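One structure is given below, encoded as structure tokens.
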Amino acid sequence: MDHPERASRPALPLTLAQQALDQATQRRPEVRFTTAFSCRLRGELDPGAFREAVEELVDRHDALRLRVTRPATGPAVQEFREPPTGAEALRYQRVAPTSTERFTAFAARLATLDAVRPWDLATAPPFRFRLLRHEPGHHAFLANLSLHAADGAARRILLRELWSGYRHRVAGLAAPARPPAGSFAEAVRRHHAGSAPADLDRLEHHWSAQLDRVRPCTFITPESFAPNLPAAPDAPGEAFAPRTHRFAITGAPLTALRASIRTRRSSELQLAYGALAAALFRHTPQESVTISGPVDTRRNDERDVLGMFSLNLPLVVPRTPTGPALLETVRHGWFDLLKHRHVTPATVTATAPRSAGWLGASWANNVRLNYTDDAPGPARHSAAGLAGGPVQGPTPTPAPALHVEHDSYRLRSVRASAPVHLRVANRPDRLAFALTLDSHRVPDRLARDLTHALDTLTTV
């Protein structure tokens, strides 16, 4: 598809979210900021039709053609290249492990290698798409995208369009008639154009008040749990292996939990924030805790625009006497945050220096939460990180003869971006938690208290 207007587009400055990524990369160069997802494909697959569907995605979404350049002087800028095709768009590889288990291990290892490999956004596409063939009826699709180009909503947007295009191709039909994809470049221009003066004043007033309340969490020592006794800092240069605690809620307990959440007009996302806050209150003398997390800042007309819209923002949760009261406090706080989520560089400047590390970036905080949502239900705002964003219903199926299993190839190693980092994945059949503790000063029993809080927050 020809797009003669692309060549005339001038370079654009990075958005506030992209600038925050640059700052985070400079502070922690060993961390890769990547959106990743995967699918196990069982049944009859047409690799040619699959490749064409992928190439259509790259052609439709300018974020997949993002190029970031860094001049010798001045800030980094972004522009949009011509769409790659062939192996540059999708690498197809036949592998022959002796068993399904070894194929799964190979795919997970390859997905991890793609996720931790540095991104060269000046010369290479901001994505790595792979299709692996184990045998004729067994394939794996691995997707890694630079967070500069795509936040967690990529999973919802790309898989829906990918399977729609694939279905039409294998049925011998013309490409589906779809409205033009929204442009990330246009969204960037709107972002830098700023808000109306009244909106800027409202945002400045709100965040100025919030920044007076934010603070990192101070943990009492796990040995004594004496109040008002801060933990000693980790020794400089001391080697320390992060601990990750994983658990999931499934089956009848999950059904009951979701029913209780809906009764309270809440959501799984708000439950996650509330449970983490409740667990933290058992280990800190503070009367409030601040949890930072990526928030989707898309406008209603940008819901299906691929790009980096996730902005790290803090939620301050005050201590409350009961679990249900805490959940209600989080619910109101979250909706208030959503009303003020369209933070611009002007807002950051107006609230400086207090905004440093809190608005856009989260390095000033030591507690972080990432949430992904692919559960059935009405559209709702959610946070985004490695994957996330607003989701409406499950991903459509690709074709009757093909069965898709999502997230079958979990990354082998994911670095925490804060001393306390909770990742929550809301799926139709499970609510999965991964709590990574990346500091000596954080007690392991925080994980046990998190599971206890999930019960108490929804119990009268």
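The values are calculated or read from the model by the stated rules, or taken from the named source; none is laboratory data. All values reported here derive from a predicted model rather than from experimental measurement. Glycine gets a Cβ as well: all are built from the backbone with ideal geometry, and neighbour counts include every protein chain shown. The area values use the complete protein model at the heavy-atom level, side chains included, leaving out ligands, DNA and RNA. Shrake-Rupley method; radii C 1.70, N 1.55, O 1.52, S 1.80 Å.
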_Need pairs with beta-carbon distance below 6 Å; first residue farther than 18 Å from Gly152 by Cα and within the stretch 18-40, second modelled with pLDDT of 85 or more; sequence gap 6+ or separate chains._
Arg27/Trp363; Arg40/Ala140; Arg40/Glu405
*Evaluate the stretch 42-52: report whether one residue or more is at pLDDT 90 or above and in a strand (DSSP E or B).*
yes
*Return yes when Ala416 is open to solvent by less than 10 Å² (accessible area, probe 1.4 Å), within 18 Å of the chain's Cα centre (by Cα), farther than 24 Å from Leu159 by Cα and at pLDDT below 75 and no when it is not.*
yes
*Selection count where residues are modelled with pLDDT of 90 or more and either part of a loop (DSSP other than H, G, I, E, B) or under 15 Å from the mean Cα position of the chain (by Cα) (or both), scope the stretch 341-356*: 9
_Among residues of the stretch 108-160, those that are open to solvent by less than 10 Å² (accessible area, probe 1.4 Å), farther than 12 Å from Ala36 by Cβ, over 18 Å from the mean Cα position of the chain (by Cα) and of a type outside the set (A, V, I, L, M), counted_ = 2
*asked:* in contact with a Phe, Trp or Tyr (Cβ under 7 Å, 6 or more places away or on another chain), buried (at least 18 other Cβ atoms within 10 Å of the Cβ), within 27 Å of Ser208 (Cβ to Cβ) and touching a residue at least 24 places away in the same chain (Cβ under 8 Å): which single residue out of Leu269, Leu276, Leu311 fits that description?
replied: Leu269
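Each row is one residue, and each column tells you yes or no for (1) over 17 Å from Pro125 (Cα atoms); (2) under 23 Å from the mean Cα position of the chain (by Cα); (3) assigned to a helix (DSSP H, G or I); (4) not basic (Lys, Arg).
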| residue | (1), (2), (3), (4) |
| --- | --- |
| Leu57 | no, yes, yes, yes |
| Val68 | no, yes, no, yes |
| Gly74 | yes, no, no, yes |
| Pro83 | no, no, no, yes |
*Select from the stretch 314-325 the residues that are more than 23 Å from Thr15 (Cβ to Cβ) and either open to solvent by less than 10 Å² (accessible area, probe 1.4 Å) or of a type in the set (Phe, Trp, Tyr) (or both) and list them in ascending order.*
Val317
*asked:* I'd like the residue in the stretch 176-211 that is part of a loop (DSSP other than H, G, I, E, B) and open to solvent by less than 80 Å² (accessible area, probe 1.4 Å) and, out of all such residues, is modelled with the lowest pLDDT.
replied: Pro176
